[in-house]
Structure formats: C-alpha cells, structure tokens
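Here the structure is laid out as structure tokens; the discussion comes afterwards.
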Amino acid sequence: MRSTQAQTWPMTGSSTTKARFTLAALGATLALSLAASAAMLAPLARAAGQSEAAEERLSVEYDGQRYFLTRQLSSEELHDLLAGNTLVFLHPGGEEQELHLEDGRTLNGWSMAEDADTCFWQIEGDEVCWTYSSGTHCKPLFASEMENLYAQVPGWYDGPLAFIWEPGDSRGLGARPLNGDAI
C-alpha cells in the first residue's frame, strides 16, 4: 500500500544545489510567462488607446477631430460671446440650440424640434448661469484650438461638452412657437 505522506529530506550537499536550480528554473519560467502575457496584451492596450501616456489637457471632439481647450473665458469674453448670439451644444443625442438675448432671456430648443422654450442666462464671476425649470446651473466656458469651437466644463457627460458659436439667431429660434417660460 502506498503512503500519501509527503517525504522530506535534509537540504545538504547536492540536494541544496538541486533545490536552487529548481527555484531558478521556476523563476525563469515565470519571467517568460509574464513577458509572453505582456506581449499578447499589448495590442489590446493599443486598441483601447493605452499605447501612449494619457493626455492631461482637456479636449473636445468635433467632426472626428480632437481639439484641445486653451483657456477659460473671462466675464467680459462671456458677455461678448453670448449676448445676441446662438450656441449649438453638441450632445451625443443631438444638437441643443440656445439663442442668448441681450435682456438675459434665452430661446432654447433641439435641432429637430419645431418649438422653443424660454429660459434665463446671466454671468456670475467667470461663469455663465442658465436657469431652467429644473434649476440653475453655472459653468465656466473654455476656448479651443479651433475658431468658434468652445466647451462647457464640466459637461453633462464624462468630459467637456463642445459647442459651436454662431452670430445672431442663426438657427431661427426666434421664429419658432414658444412653449412659454421653462421656469
């Protein structure tokens, strides 16, 4: 009958050398296995955009190209950008258009909508505050590398929300039937 007890031996002489050789061989095998795993996973990391160091600057994407944000706008720049002009916010689900009237009201609607809501805007410090029925939210706006492309930071999603600046009532929001005050 066979014994299931583990056998032990004293680590002297050739047994010590054999144990060291076995440990070295195991270490080499482990190192090769890790190297092979890293080589097999590298294409997956590159496919996920991890082949380069992460970019620390904020950016937005427009027409398939990435543009970096260059600086936050001052209160004077915000007023010049907004008053009497349209911002077209580029949401994942469509374009939200917002005409900022000189008197602090906005006409707001989605690109496919036939009507518009009225809301309010004002500048507080270096942020724009919009007031809707859901409440007021204030955000800083940033210029980008591309002319007339800006971003709201933080955006509504997992990064800055891009928008295009257009002069005047470029999208005809003033001609849409109004739903009334959104507040």
Across (1) touching a residue at least 40 places away in the same chain (Cβ under 8 Å); (2) in a strand (DSSP E or B); (3) under 27 Å from residue 179 (Cα atoms), residue 79 clears everything bar (2)
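Please work out which residue is nearest to residue 85 (Cα to Cα), limiting yourself to the stretch 106-121 and to residues that are of a type outside the set (A, V, I, L, M, F, W, C) and surrounded by 15 or more Cβ atoms within 10 Å (Cβ to Cβ). Write out each step before concluding.
Narrowing the stretch 106-121 to residues of a type outside the set (A, V, I, L, M, F, W, C): 106, 108-109, 111, 114-115, 117-118.
Narrowing further to those that are surrounded by 15 or more Cβ atoms within 10 Å (Cβ to Cβ): 106, 108-109, 117-118.
On the way: 106: 10, 108: 12, 109: 14, 117: 16, 118: 15 Å.
Checked the stretch 106-121; the qualifying residue nearest to residue 85 (Cα to Cα) is 106.
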(request) Would you confirm whether any residue within the stretch 113-132 is in contact (Cβ under 8 Å) with a residue 60 or more places away in the chain and under 23 Å from residue 69 (Cα atoms)? (result) no
Taking first residues from the stretch 157-172 that are under 8 Å from residue 86 (Cβ atoms) and second residues anywhere that are part of a loop (DSSP other than H, G, I, E, B) and among the small types (Gly, Ala, Ser), the pairs with Cβ under 9 Å that are 6 or more apart or on different chains are 167/84; 168/84; 169/84; 171/111
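Let's see how each residue does on (1) in contact with a strand residue (DSSP E or B) (Cβ under 6 Å, 6 or more places away or on another chain); (2) surrounded by 13 or more Cβ atoms within 10 Å (Cβ to Cβ); (3) β-branched (Val, Ile, Thr):
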position: 129; (1), (2), (3): yes, yes, no
position: 132; (1), (2), (3): yes, yes, no
position: 135; (1), (2), (3): no, no, no
position: 143; (1), (2), (3): yes, yes, no
position: 152; (1), (2), (3): yes, yes, no
position: 158; (1), (2), (3): no, no, no
position: 164; (1), (2), (3): yes, yes, yes
position: 175; (1), (2), (3): no, no, no
position: 179; (1), (2), (3): yes, yes, no
* Does residue 102 satisfy the criteria of being at pLDDT below 95, over 21 Å from the mean Cα position of the chain (by Cα) and in a loop (DSSP other than H, G, I, E, B)? -> no
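The values are calculated or read from the model by the stated rules, or taken from the named source; none is laboratory data. Every value quoted in this text rests on a predicted model; they were computed, and no experiment measured them. Here Cβ is always computed from backbone atoms with ideal geometry, including for glycine, and neighbour counts include all displayed protein chains.
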